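S.K.: Pasting in a structure now, in structure tokens, and then I'll have a few things to ask.
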Amino acid sequence: QVQLVESGGGLVQPGGSLRLSCQASGGTNHDTYAMGWYRQAPGKQRELVAAIVTDFMTNYADSVKGRFTISRDKAKNMVYLQMNNLKPEDTADYYCVSDDTRTALVNGAVRNWGQGTRVTVSS
């Protein structure tokens, strides 16, 4: 099994930036073939924010395109989410996720979840 631990959440003003990190441990490279970030805001459904297999195989929610960038360091078993020009609508709990297929992760059939980190965008 894979353990995913997020960090980097917090309070930031609108227009500000925040970088989330996720450390994966245990399991194999197969278990973290695809990684990404989901988020859930109060009263709303969980949604995919971004997913990554390689730098050229990524997915982003329309609402974050051009503002968020997902990246990974396979040697360190880390995945990151750089969030720029943050908006109040970005306020949510963010979850690091992984799976052995990109399709499953994007479609919500996520095998591995982190505990979440809270992002609050407010003035």
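The values are calculated or read from the model by the stated rules, or taken from the named source; none is laboratory data. Owing to the predicted nature of the structure, the values given are computational and were not obtained by experimental measurement. Here the Cβ is made from the backbone with ideal geometry for all residues, glycine too, and neighbour counts use every protein chain on show. The area values use the complete protein model at the heavy-atom level, side chains included, leaving out ligands, DNA and RNA. Shrake-Rupley method; radii C 1.70, N 1.55, O 1.52, S 1.80 Å.
S.K.: Cβ under 13 Å from T69's Cβ, T69 left aside: what net charge do those residues give with Lys, Arg +1 and Asp, Glu -1?
M.R.: With Lys, Arg at +1 and Asp, Glu at -1, the neighbours total +3.
S.K.: When Rg is the radius of gyration of the Cα atoms in the chain and Rh is its Kirkwood radius, what does Rg/Rh come to?
M.R.: Rounded to two decimals, Rg over Rh is 0.94.
S.K.: Quick check: convex hull over the Cα atoms of region 64-123, volume per residue in Å³, rounded to an integer?
M.R.: 110
S.K.: Using the Karplus curve 6.51 cos²θ - 1.76 cosθ + 1.60 with θ = phi - 60°, work out ³J(HN,Hα) for each residue of region 20-26 in order, rounded to whole Hz, and write x for Gly and Pro.
M.R.: Couplings: 9, 10, 9, 9, 9, 9, x Hz.
S.K.: Rounded to whole Å, give me the distance from the Cα center of region 1-30 to that of region 40-77.
M.R.: Region 1-30 and region 40-77 have Cα centres spaced 11 Å from each other.
S.K.: Each residue of region 77-93 in order: what ³J(HN,Hα) in whole Hz does its phi give by Karplus 6.51 cos²θ - 1.76 cosθ + 1.60, θ = phi - 60°, with x for Gly and Pro?
M.R.: Once θ is set to phi - 60°, the couplings for region 77-93 become 6, 10, 9, 10, 9, 8, 10, 10, 6, 5, 10, x, 5, 7, 4, 4, 8 Hz.
S.K.: Here is a follow-up. Which percent of the accessible heavy-atom area of region 24-123 goes to carbon and sulfur, probe 1.4 angstrom?
M.R.: 47
S.K.: What list of ³J(HN,Hα) values in whole Hz, one per residue of region 4-17 in order, does the Karplus curve 6.51 cos²θ - 1.76 cosθ + 1.60 (θ = phi - 60°) give from phi, with Gly and Pro shown as x?
M.R.: With the stated coefficients, region 4-17 comes to 10, 10, 8, 7, x, x, x, 9, 9, 6, x, x, x, 10 Hz.
S.K.: How big is Rg to Rh over region 1-64, alpha-carbon atoms, Rh as the Kirkwood inverse-mean-distance radius?
M.R.: Answer for region 1-64: 0.99.
S.K.: Further question on the same structure: Residues of region 79-117 with the amide nitrogen closer than 12 Å to a label point 7 Å from the Cα of Y33, along Cα-to-Cβ, please.
M.R.: 99-105
S.K.: In Å², what does the accessible area per residue of region 76-123 work out to with a 1.4 Å probe?
M.R.: Per residue, region 76-123 has 47 Å² of solvent-accessible surface.
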